[in-house]
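A short write-up of the structure that comes next.
The values are calculated or read from the model by the stated rules, or taken from the named source; none is laboratory data. Values in this document were obtained by computation on a predicted structure and should not be read as measured data. Cβ coordinates were reconstructed from backbone atoms using ideal geometry, including for glycine residues, and neighbour counts include every protein chain displayed. Side chains included, ligands, DNA and RNA excluded: accessible areas come from the protein's heavy atoms. Shrake-Rupley method; radii C 1.70, N 1.55, O 1.52, S 1.80 Å.
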Amino acid sequence: MEPSQTPRDMFSQILAGNRPQAAAWVRGGKDAASLSGLVKFFDTPYGGILVEAEIFGLPNISRENSSDFYGIHIHEKGDCSGDFSGAGGHYNPDHQPHPRHRGDLLPLLGSQGYAWGAFYDKRFQVQDILGRSVVIHRNRDDFTSQPSGDSGEMIGCGVIYPGG
């Protein structure tokens, strides 16, 4: 008899064999020019989405055996020009305090410049975030400070487009 399939089993299959319904190619700004990566958004059969991020060139890349946390959020606008300030604030259609914005994501844990992570989220759907941006911040999100977690300057940005 086969064991019942858990959500983790389904998520593994989704990540391994499917194209995302949306994705953002993230590039670094002038203070993190080597930063790049891809954030993917997958529909799931559970009513939420699966978010997968793989980021290279985070600022701690040159410190041997280092690890640091970085804030990552969905921002209101899909403008990643210049210093990324055109991306606006966190995606927050319900006007909730931080960290209850729909755009508040789990932090990235960078290990000597590289981060990979995946998580499940039911606070938004893919169609809600198309045309918005994913922003990586220099510091960790403290999940307390208002209005956005005191995660520092925007060091990476990517517009969320359909498909992948």
### Task
Can you tell me which residue among S151, S133 is buried (at least 17 other Cβ atoms within 10 Å of the Cβ), under 26 Å from P20 (Cα atoms), under 16 Å from the mean Cα position of the chain (by Cα) and polar (S, T, N, Q)?
S133
### Message
Quick check on region 41-64. Is at least one of its residues more than 16 Å from the chain's Cα centre (by Cα) and modelled with pLDDT of 95 or more?
### Response
no
### Task
Taking the residues in region 22-76 that are assigned to a helix (DSSP H, G or I) and not small (G, A, S) as candidates, determine which candidate is farthest from G110 (Cα to Cα).
K30
### Summary
Residues of region 117-126 being open to solvent by 40 Å² or more (accessible area, probe 1.4 Å) and either touching a Gly at 6+ places or on another chain (Cβ under 9 Å) or at pLDDT below 95 (or both), in sequence order, are Y120, K122, R123, Q125
### Query
Which of (1) of a type in the set (D, E, K, R); (2) open to solvent by 70 Å² or more (accessible area, probe 1.4 Å); (3) closer than 13 Å to A24 by Cβ is the odd one out, the single condition E76 does not satisfy?
(3)
### Task
Spot the failing condition for N139; the list is (1) open to solvent by 40 Å² or more (accessible area, probe 1.4 Å); (2) over 27 Å from A33 (Cβ atoms), and only one is missed.
(2)
